[in-house]
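Quick notes on the structure that follows.
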Amino acid sequence: MKKWRAIDITMVALFVALMAIGANITSFLVIGGVPVTLQTFFAIMAGLLLGKRLGAVAMLCYMLIGLAGFPIFSGLSGGLRVLISPTFGFILSFIVLAFTVGWIRERNSSLPAFIISSFVGLCINYLLGTNWMFFSYKLWAQAPESFSYAIAWGWMVMPLIKDIILTAMAGIVAYRLNNAYFKKSSLKIH
């Protein structure tokens, strides 16, 4: 187990703050009960720039701070009631996403690896988040009678277009940041 350095704690806190901003900067746009946010972008960036360990810790801290009641989730929400919301699966997915993206990225530092790992993270986000949303609506969120798995995925088409563009940008921006700053700093991913 590596020791925690001041830069590690600072970067975790930075990405918690970026997630809170990304959750609320565009959350007034809601499609099918899913707010359109920048969270996926920042979760991918956390994995790419911080690596699997710190990226996952940053996303775990984000989730725990929100569950503790601080209004950092979409729509300035927070607290334990979020656990049963249809969108909580997306919050959970950020932890797995950041770990997986960081794990892939730690093995290869090429631009294609950054972009491919970003899209793997996007797939994790949509698979976990959309499935949680579907089962949440079916089991406890009182979905309309006509609600189906296809409708749940249909709701995700509009955010997916935005997320595909932002995911490609995340891979490119993180690659450039890594080469310009992170490789030369004390925050090196080994």
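What follows draws every value from the coordinates through simple rules; no lab data is involved. Keep in mind that this is a model prediction, so the values were computed, not measured. Every residue, glycine as well, gets a Cβ built from its backbone with ideal geometry; the counts of neighbours run over all protein chains shown.
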Check your understanding: If you build a Gaussian network model of the chain, linking Cα atoms that sit under 10 Å apart, which residue out of Ser146, Ser93, Ser110 swings the most?
Key -> Ser146
Practice item. Give me the aspartates and glutamates in straight-line cross-link reach of Lys3: C-alpha distance below 20 Å, same-chain residues under 8 apart excluded. Key: Glu106
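Hey, what number do you get for the chain at 222 nm if only DSSP H runs of n ≥ 4 count, each worth -39500 (n - 2.57), divided across all residues, to the nearest 500? Don't skip to the answer; put the middle values down first.
On the way: 6 runs with 128 residues, N = 190.
Helix-only estimate at 222 nm: -23500 deg cm²/dmol.
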Point to revise | Burial order of peptide ranges 51-58, 137-144, 121-128, 160-167 (average beta-carbon count within 10 Å, highest first) | key: 51-58, 121-128, 160-167, 137-144
Review point. In percent, how large is the relative contact order of the chain, given Cα pairs closer than 8 Å and 6 or more residues apart?
Key: 24 percent
Exercise for review: For region 83-93, take each phi angle, set θ = phi - 60°, evaluate the Karplus expression 6.51 cos²θ - 1.76 cosθ + 1.60, and give the result in whole Hz per residue in order, putting x for glycine and proline.
Suggested key: 4, 9, 6, x, 9, 5, x, 5, 4, 4, 5
Check your understanding: Taking the alpha-carbon centroid of each part, what is the distance from region 48-82 to region 113-180 in angstrom?
Key -> 17 Å
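Quick check for region 6-184: number of Lys pairs with alpha-carbon distance under 30 Å, counting only pairs 8 or more apart or on different chains? Write down the numbers at each step before the final one.
Details: Lys52/Lys162; Lys52/Lys183; Lys52/Lys184; Lys138/Lys162; Lys162/Lys183.
Count of close lysine pairs: 5.
How high is the FRET efficiency between Ser110 and Ile7 when r is their beta carbon distance and R₀ equals 25 Å, given to the nearest 0.05? Let's see the in-between values first.
On the way: r = 25 Å, r/R0 = 0.99.
For R0 = 25 Å, the calculated efficiency reads 0.50.
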